[in-house]
Amino acid sequence: MMTFHSRRDILQSAGLGFGALALGDLLSAESRAETSAANFLSPHFPGTAKSIIFLFMQGGASHLETFDPKPEMKKFDGQLLPESMRNFDLAQINTADSKVMAPLFPFQKHGESGQEISSIFPQLARHSDKLAIIRSMHHELFIHGSAMIMMHSGTRLLGHPSIGAWVVYGLGCESDSLPAYIAMTDGNYRNGASMYTSGFLPAVYQGTDVQTEGALIKNLDRHRNSTAFEQRLMIDHINAWNRQHRQARPGDSRLDARIANYELAFRMQAAAPELIDLSQETRATHDLYGIEQKPTARFGKMCLMARRMIERGVRYVQLISDGWDAHSDCKNNHEDQARKIDQPIAGLIADLEQRGLLDSTLLVWVGEFGRTPLRQGSNGRDHHPYGFSAWMAGGGIVGGKTIGATDDFGFAAVDDKVHVNDLHATMLSLMGIDHERLTYLFDGRYRRLTDVGGQNNLAPRLVRG
């Protein structure tokens, strides 16, 4: 039979009165020290970045319409692929009977570096000298699901931690009142929680999903009939019982995560409302991100919130732009998608720079793959993982660089090839983490984000000096 206790019963049975506030704080501090994601490893060497904003173009942005100009393709537009190019052993792509579709937008050179960027990114192009564009990204996975798992966890297998979880496992969080790892999307998480999972790492390293509309953080507000003291007391009792329960179940990280989440949720009730209150920002800042107008409002809000999160010590922020899967009408799709993100991302770069945060914040832009050089239907492109583009900015790197290349038709990475494992190794290195030494014992074997890959670490070529 369940017994219900009044507030007075709880206070008396615990040996506490109103003077218990101090003890409650001590218990809270003890619990935080025991369960916080700030129980982290030390950096392996000085990093140039302290935090990451991962800009993920869900669906697969075409490299040929964004950052990989292929002027030679114009001569073959609408024709069958030249015989000399049909020897590519590319699974699931018919190179014999499909016709070439040349890039749909012009490219121009920008900045002192002469970086070539598609016309669909006029605002981002103003920051061309801050970008390190990688044109030789590649992996082997043709399907969205497995490709997204690869891009986020370095493997095609479910159940492995996302890179955000690995970063937080390695470095922890600089905030005691906000999650170390936050994910936001302007659409759906096409692969569900696998996009920000902690996998086999302790569950405390799981990303926190923050909404961009409605109630941004679910169940944040305290019940109207409960005071902060009463809630603090209840959490301390719950966590004490949870710790007793955990002692009999060693190795179950879900219990540690639950204790940590109770604590974090309590502290977030004070910190999170201030974080998500964008009315504190000036009208000029709202205009910079395009928050007051369509189609930039939603992604602009995400980018501004990302800057505010980084300012407050969040280690890893993941922003997902949904809708880049351009099978039927690549031109209109990419024009629409670019209009949503161009000003917000350019605004984010400018805002970070003017606040002195760009050098310590690494931005990474990428999708799960690119799009095929061959026409699909009347004006579309299919999936293409064998050669595509990404870019990095901030985090102490020198921009105005172009790394790697695909062949003349954009089929495959052929020069200075950068696998997803290499990209992850570079990101970790810029954060001061040796990807070969960041390991976790699971199922009898030490695992790491980059598995046996990560050999082409770009960090030494990107950092200043």
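The values are calculated or read from the model by the stated rules, or taken from the named source; none is laboratory data. Because the structure is a prediction, the values reported are computed rather than measured. Here the Cβ positions follow ideal geometry from the backbone for every residue, glycine too, while neighbour counts run over all protein chains shown. Heavy atoms of the whole protein, side chains included, go into the accessibility calculation; ligands, DNA and RNA do not. Shrake-Rupley method; radii C 1.70, N 1.55, O 1.52, S 1.80 Å.
When the listed pairs Lys50/Lys294; Lys99/Lys340; Lys50/Lys130; Lys74/Lys130; Lys109/Lys301; Lys109/Lys130 are checked against a 23 Å cut-off, the alpha-carbon distance exceeds it for Lys50/Lys294; Lys99/Lys340; Lys74/Lys130; Lys109/Lys301. Of the residues Tyr440, Tyr446, Tyr289, ranked by 1.4 Å probe accessible area with the largest first, the sequence reads Tyr446, Tyr440, Tyr289.
Taking every C-alpha pair closer than 8 Å and separated by at least 6 residues, the mean separation divided by the residue count of the stretch 345-414 gives a relative contact order of 30 percent.
Residues in the stretch 423-434 carry Karplus couplings, in order, of 4, 5, 4, 5, 4, 5, 4, 5, 8, x, 10, 7 Hz; the curve used is 6.51 cos²θ - 1.76 cosθ + 1.60 with θ = phi - 60°, and Gly or Pro positions show x. Applying a DSSP loop filter and a limit of 12 other Cβ atoms within 10 Å to the GluC sites (Glu not before Pro) in the stretch 267-344 leaves Glu292. Around Ser128, under 15 Å between beta carbons, what's the net of Lys plus Arg minus Asp minus Glu among the other residues? That sum, taken over residues with Cβ under 15 Å, equals -1. Local charge for Gln337 was computed over the other residues whose Cβ lies under 15 Å away, with Lys and Arg +1 and Asp and Glu -1, and equals -1. Remark on Gly380: its backbone amide H falls under 5 Å from those of Cys330, a criterion applied only to residues 5 or more positions apart or on other chains, H modelled at 1.01 Å from N. Each residue of the stretch 182-196 is assigned a 3J(HN,Hα), and the resulting list reads 10, 10, 9, 9, 8, x, 10, 7, 4, 10, x, 5, 4, 5, 9 Hz, derived from the Karplus form 6.51 cos²θ - 1.76 cosθ + 1.60 (θ = phi - 60°), x at Gly and Pro. Close amide H pairs (under 5 Å, H built 1.01 Å from N) link Val414 with Ala405, Thr406, Asp407, residues at least 5 positions away or on another chain.
Close amide H partners of Ala61, meaning residues 5 or more places away or on another chain with modelled amide H under 5 Å apart, are Gly367, Glu368, Phe369. Computed from phi, the 3J(HN,Hα) profile of the stretch 120-136 under the Karplus parametrisation 6.51, -1.76, 1.60 (θ = phi - 60°) reads 6, 10, x, 6, 4, 4, 5, 9, 4, 6, 9, 9, 9, 8, 9, 9, 10 Hz, with x in place of Gly and Pro. Dipole size of the stretch 50-205 about its Cα centre, with +1 on Lys/Arg Cβ and -1 on Asp/Glu Cβ: approximately 100 debye, rounded to the nearest 20.
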